[in-house]
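Notes for the one structure printed next.
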Amino acid sequence: MARLIAARRTAVVPRGGAFSRLSLEDLAAPVLQACLADAGLGVDQVDEVILSNALGAGGNPARRVALAAGVPDRVAGLTIDRQCAGGLDAILLARALVDSGAADVVLAGGAESYSRRPLRLRTDPDGGPPVAYDEAPFTPWPDRDPSMAEAAEALATRLGITRARQEAWATDSHAKALKSDLSAEIVPLLGMTADAFPRRLSSGLLARAPVVHGSITAATAAVAADGAAFCLVASDRVARGRGLAILGGATVGGNPVEPGLAPLAAIARISQGEPLAMAEIMEAYAVQAIAVVEGAGIDPAIVNRGGGGLARGHPVGASGAVLAVRLFHGLQEGRGLAAIAAAGGIGTALLVAASGA
């Protein structure tokens, strides 16, 4: 059974902040090196590096990051794009390689520089000037491809989740982040040893927050951010009982019009009927997190104890891996769950257990 034996991340910093000049290699390579150091392994023991990246321009960033981290040339690197879910999916792919016997040590996670994402232009087949765009389509049907904010507002309307409930969730997320010391999981980079965004959300600040769409405001939607997060996935032969056992994982497609609910099917697929001690649920929007927690019947008291994406920010391709890093450092006993939704109606979930669980 594959195990997580090390997990680290950078701080998460809103775009245009302290990490705005860093490349993906600058963000990710120190995290890979920290994971190996924590596990007591050398770069020569790495069999593969799997990296999730959603906003880059291709070129196999996993290869660049692996080389920058000093991993041997023989490690080709694999880059995946499953948007927000990619960081967890990278870990599930690593698990599959290890459980199949194809690898013993895989570094898996994600890195995203929202600050340095490339400009995108769509060419005109009729010879006209190229047209700039910021977001790729996630389905072949424009009428079934809402923006994430539109989808969040539709979910809030259908489920009766008010702006006030969303604001209460966001306030709690920031409050938990402010009182949590997560420095053990963060690799210091440019002096950043803590997430940059958490703040005290007063009623006045919430009232002034710009409306994004309907009941969704800037306070109840995660801010675009830069960051990297990785886990070291190892075989039993290498792990020797250390770390967290990976009990299950699933990625499931759902209705593209309701991407926020997609994690529910993934959670149901890996649920083993045992109680959870900890859950990390991505907060791209407060309404989406509320819907997943309530729909899956998860006790809110065990969710995002160190604050969630609303308090940290959303480094798209790295966000799922951040959840796994939080589980690694926060789960002391029992079972832990990480779950995330992605554009296009995709949900991914990971189930792990501390030793003896």
Please report the relative contact order for segment 19-95, taking Cα pairs under 8 Å with a sequence separation of at least 6, and give it as a percent rounded to a whole number. 34
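Over segment 90-142, what is the mean sequence separation of C-alpha contacts under 8 Å (at least six apart), divided by residue count, expressed as relative contact order in percent?
Numbers: 31 pairs, mean separation 11.4, N = 53.
So the answer I get is 21 percent.
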Which entry in (1) 1.14; (2) 1.03; (3) 0.94 matches Cα Rg over 2.2 N^0.38 Å derived from the coordinates of this structure? (3)
Of the accessible area of segment 137-185, computed with a 1.4 Å probe and all protein chains kept, carbon and sulfur make up a percent value of 58
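For D44 and R240 in one chain, what is 0.36 nm times their gap in residues minus the Cα-Cα distance, to one decimal in nm? All intermediate terms of the calculation are to be shown ahead of the outcome.
Numbers: separation 196, 0.36 × 196 = 70.56 nm, distance 1.88 nm.
Stretched fully, the D44-R240 segment lengthens by 68.7 nm.
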Tally up the carbon and sulfur contribution to the accessible surface of segment 237-357 as a whole percent, 1.4 Å probe, everything protein left in place. 49
Dividing the alpha-carbon radius of gyration of segment 105-149 by 2.2 N^0.38 Å (N being the number of residues), what value is obtained? 1.67
Pop a pseudo-label 7 angstrom from the Cα along the beta-carbon direction at both A37 and A175 and give the gap in nm to one decimal. 3.7
List residues of segment 228-268, by number, whose backbone nitrogen lies under 19 Å from a label position 7 Å along Cα→C-beta of E135. 254-263
Volume in Å³ per residue [convex hull over Cα atoms, computed for segment 124-275]: 248
What number, in percent, do you get for the relative contact order of the chain if the mean sequence gap of Cα pairs under 8 Å and at least 6 apart is divided by its residue count? 28
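Quick one, could you list the DSSP H helices from the chain stretching 15 Å or more along their long axis (Cα atoms) with average Kyte-Doolittle hydropathy of -0.5 or above?
Working: long enough: 24-39 (23 Å, 0.96); 86-100 (21 Å, 1.08); 148-159 (16 Å, 0.52); 163-178 (22 Å, -1.01); 316-330 (22 Å, 1.25).
Helices passing the filter in the chain: 24-39, 86-100, 148-159, 316-330.
Using 0.36 nm per residue, how much length does the chain from D299 to S202 gain when fully extended, once their Cα-Cα distance is taken away? Could you put the intermediate results ahead of the total?
Details: separation 97, 0.36 × 97 = 34.92 nm, distance 2.55 nm.
Fully extending the segment from D299 to S202 adds 32.4 nm.
Please report the antiparallel percentage of the DSSP beta bridges confined to the chain, to the nearest 5. Provide the component values of the computation, followed by the final result.
On the way: 41 of 56 bridges.
Beta bridges within the chain, antiparallel portion: roughly 75 percent.
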Tell me, what ³J(HN,Hα) does each residue in segment 221-228 have, in order and in whole Hz, if you take phi through Karplus 6.51 cos²θ - 1.76 cosθ + 1.60 with θ = phi - 60° and put x for Gly and Pro? 10, 5, 7, 4, 8, 10, x, 9
Run the helix sum for the chain: -39,500 (n - 2.57) per DSSP H stretch of 4+ residues, divided by residue count, reported at 222 nm to the nearest 500 deg cm²/dmol. -9500 deg cm²/dmol
GNM on the chain, C-alpha springs below 10 Å: top fluctuator among L276, L88, L310? L276
With a 10 Å cut-off between alpha carbons and a GNM built on the chain, which of E294, E274, E283 moves the most? E274
Residues whose modelled amide H sits under 5 Å from the amide H of R120, counting only those 5 or more places away in sequence or on another chain, are Y133
Compute the accessible area per residue over segment 178-247, keeping the other protein chains in place, probe 1.4 Å, unit Å². 47
Please find, in a Gaussian network model of the chain (springs between Cα atoms separated by less than 10 Å), the residue of C231, C84, C35 whose mean-square fluctuation is greatest. C35
Where the Cα pairs of segment 218-357 fall when distances are cut into 5 Å bins, in %: 2, 11, 20, 25, 21, 13, 6, 2, 0, 0
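The values are calculated or read from the model by the stated rules, or taken from the named source; none is laboratory data. Note that this is a predicted model, so its numbers are computed, not measured. Glycine also receives a Cβ, built like all others from the backbone with ideal geometry; neighbour counts cover every protein chain displayed. Ligands, DNA and RNA are stripped out before the accessible areas are found, and what is left, the full protein with its side chains, is counted by its heavy atoms. Shrake-Rupley method; radii C 1.70, N 1.55, O 1.52, S 1.80 Å.
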